[in-house]
Amino acid sequence: MPVTYNRVILTFTTKVDQTAAIDALRSGLEAACSQLPYLKGRVIAQQDGRLAISWSEQDATPHFREIGRPSDIPSYAQLKQELLPSHYLLQSLCPVKGWVIASFPDGNAPVIATSYTRIEGGLFVCLCVHHNVMDGTGTGQLISLWGKHASGVFHEQPTPLPDPDEPRHRLGRLKAAMSSGSKGEATLPSDKDFGFESLRKLHPEYTDVLPTPVPPSSPCTSKIFTFTVQKLKTAATECKTSVNNVLCAIIWSCISSVRSIRWQKEASAANDGILHTKSKLGMAVNGRARIGQSFADAAGPPYIGNVNLYCVTSLELELLTKFGDSHFPEAQWVISDTLTSIVQAISTSIARIDRNFISEVITLAEQASNMQSLLPGWNFFNGPDLTITSWANLDTYAVDFGPELGAPDFVRVPYLQVDGLNIVLPRRRNSVPESIEVVVMLREDDMTELERNAMWRYWTETPSLHE
């Protein structure tokens with residue numbers, strides 16, 4: 001897992017006096033940290049190079065820091081009218097940077113960091129969670145817990161709490177869940193069965209070497225696009241797959257198409273330019289339900305640690321661009337055989353992540369030395385590969401932070417200028433029609449062409465959300 005922070009920005013409409021809202025958030029944070037004291041700790045590197053959490057019951061609650069409003073940001077009413085586009089969400093609104101080493105060069109980093117920014121008529125709240133402590137699902141559960149305490153309904157609506165000592169027991173709990181399967185299911189492979197290198201070769205989703213950074217030759221940008229869930233559901237029914245698989249296939253195909261056009265132009269102009277023939281789609285998959293439904297829906301403490309598994313699908317660009325460049329009538333776009341082929345390839349890759357797969361990855365993680373980390377096995381920036389991570393199933397829009405704030409108006413991430421990262425934001429289940437927002441990060445020239453792409457324009461829309 002790359003050493004980064006999950007950074008989430010929640011925005012709220014507020015009254016003229018924002019003091020009560022900020023006080024409720026601060027007291028809610030203190031209560032959540034009191035119940036889960038490791039949130040007050042720090043992530044440190046041990047002598048063997050592995051990361052560990054160091055904490056004490058007596059540690060202070062993380063500072064709920066105020067960050068000043070950027071001088072050029074408009075009123076919250078205008079931001080809402082514009083549906084809060086990415087370019088307003090500056091890095092300076094976050095208490096820490098995305099890469100842990102950028103804020104903490106010695107590697108000694110807080111488990112969480114929080115901040116707020118007052119906007120005329122609104123409030124930005126930023127939560128940063130060390131990714132090696134929690135994945136997106138865990139972060140969503142933490143936001144829910146924070147909201148229950150901030151609203152004062154925690155004791156009125158009791159829910160199972162995560163184990164306050166969970167970091168001490170995570171590996172043991174995962175191993176116990178893996179060994180509790182039905183007869184005939186694989187158990188954790190031992191060192192006698194596989195060495196690190198032989199086991200890693202079975203998992204091209206992972207590597208122990210970061211790709212050589214290649215700075216983009218063009219400026220990058222980030223934009224938010226909205227997909228109507230009903231369109232995706234129709235296509236998913238036709239393709240006999242999930243909404244997520246259809247969404248990922250559309251994003252991958254359309255971006256590959258605009259990139260391929262640029263590569264052809266660059267190769268023609270330079271006479272020796274690179275013409276890529278394949279692309280990989282890398283995704284993070286929540287492993288909870290794949291360990292077993294009893295683990296995902298356990299009556300005991302919910303698991304909020306990291307259960308992210310990497311998934312990689314590799315396809316010929318010819319197939320991806322065949323769909324991404326299509327100009328068929330709308331009905332054919334939905335039921336295209338090409339779309340079905342792409343979706344099936346993604347589905348097959350995800351289906352690899354079963355209990356056997358997870359068992360082997362746990363063993364890989366245990367065998368990794370201080371010089372070996374399990375990193376994404378694809379080039380996650382600057383093409384030809386693509387990365388998609390999904391928070392669609394998080395119910396963050398349903399979290400009520402109390403009478404001073406209510407539920408978030410927007411769930412966002414900080415603005416990044418990179419090429420090839422896509423984040424599916426939580427579903428807006430209360431919008432009409434129901435929608436999914438996706439943050440797309442690309443080169444500026446590719447983004448311009450993507451917005452002109454006929455296939456992309458069919459699936460996305462200029463959002464008009466009616467609460």
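Summary of values
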{"read-out": "Considering residues of the stretch 13-26 that are in contact with a helix residue (DSSP H, G or I) (Cβ under 7 Å, 6 or more places away or on another chain) and not in a loop (DSSP other than H, G, I, E, B) only, the residue nearest to E205 (Cα to Cα)", "value": "L25"}
{"read-out": "Of residues in the stretch 79-126 being aromatic (F, W, Y) and touching a Phe, Trp or Tyr at 6+ places or on another chain (Cβ under 9 Å), the one surrounded by the most Cβ atoms within 10 Å (Cβ to Cβ)", "value": "F124"}
{"read-out": "Residue check for F154: surrounded by 15 or more Cβ atoms within 10 Å (Cβ to Cβ) and either over 20 Å from the mean Cα position of the chain (by Cα) or without any contact (Cβ under 8 Å) to a residue 24 or more places away in the chain (or both)", "value": "yes"}
{"read-out": "Any chance R118 is in contact (Cβ under 8 Å) with a residue 60 or more places away in the chain, assigned by TED's automatic domain parsing to the domain that holds R168, among the basic types (K, R) and assigned to a strand (DSSP E or B)", "value": "yes"}
{"read-out": "Within the stretch 75-96, tally of residues that are in contact (Cβ under 8 Å) with a residue 40 or more places away in the chain and over 12 Å from V413 (Cα atoms)", "value": "7"}
{"read-out": "Residue match in the stretch 420-428 (condition: within 13 Å of the chain's Cα centre (by Cα) and under 23 Å from V16 (Cα atoms))", "value": "no"}
{"read-out": "Options T241, T212; residue that is modelled with pLDDT under 80, assigned by TED's automatic domain parsing to the domain that holds L339 and not aromatic (F, W, Y)", "value": "T212"}
{"read-out": "All strands (runs of 3 or more DSSP E) inside the stretch 27-94 with 1 or more residues being over 21 Å from V16 (Cα atoms), of a type outside the set (G, A, S) and in contact with a Pro (Cβ under 6 Å, 6 or more places away or on another chain)", "value": "42-45, 51-54"}
{"read-out": "Residue count, the stretch 258-292 (criterion: over 24 Å from V424 (Cβ atoms) and either of a type in the set (S, T, N, Q) or at pLDDT 85 or above (or both))", "value": "8"}
{"read-out": "Selection from the stretch 97-106 of residues that are farther than 19 Å from I224 by Cβ and either of a type in the set (K, R) or touching a residue at least 12 places away in the same chain (Cβ under 8 Å) (or both)", "value": "K97, W99, V100, I101"}
{"read-out": "Which numbered condition F225 misses (of (1) modelled with pLDDT under 95; (2) farther than 19 Å from L320 by Cα)", "value": "(1)"}
{"read-out": "Answer residue from the stretch 95-108, given it is part of a loop (DSSP other than H, G, I, E, B) and under 25 Å from S71 (Cα atoms) and is farthest from the chain's Cα centre (by Cα) among those", "value": "P95"}
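One line per residue, one yes/no per condition, for (1) assigned to a helix (DSSP H, G or I); (2) touching a strand residue (DSSP E or B) at 6+ places or on another chain (Cβ under 6 Å); (3) modelled with pLDDT under 85:
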residue	(1), (2), (3)
L142	yes, no, no
L145	yes, no, no
K148	yes, no, no
H155	no, no, yes
P158	no, no, yes
P164	no, no, no
H169	yes, no, no
M178	yes, no, yes
G181	no, no, yes
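The values are calculated or read from the model by the stated rules, or taken from the named source; none is laboratory data. What you see is a predicted model, and the numbers here were worked out from it, not measured in a lab. Note that each Cβ is placed from the backbone with ideal geometry, even for glycine, and that neighbours are counted across all protein chains shown.
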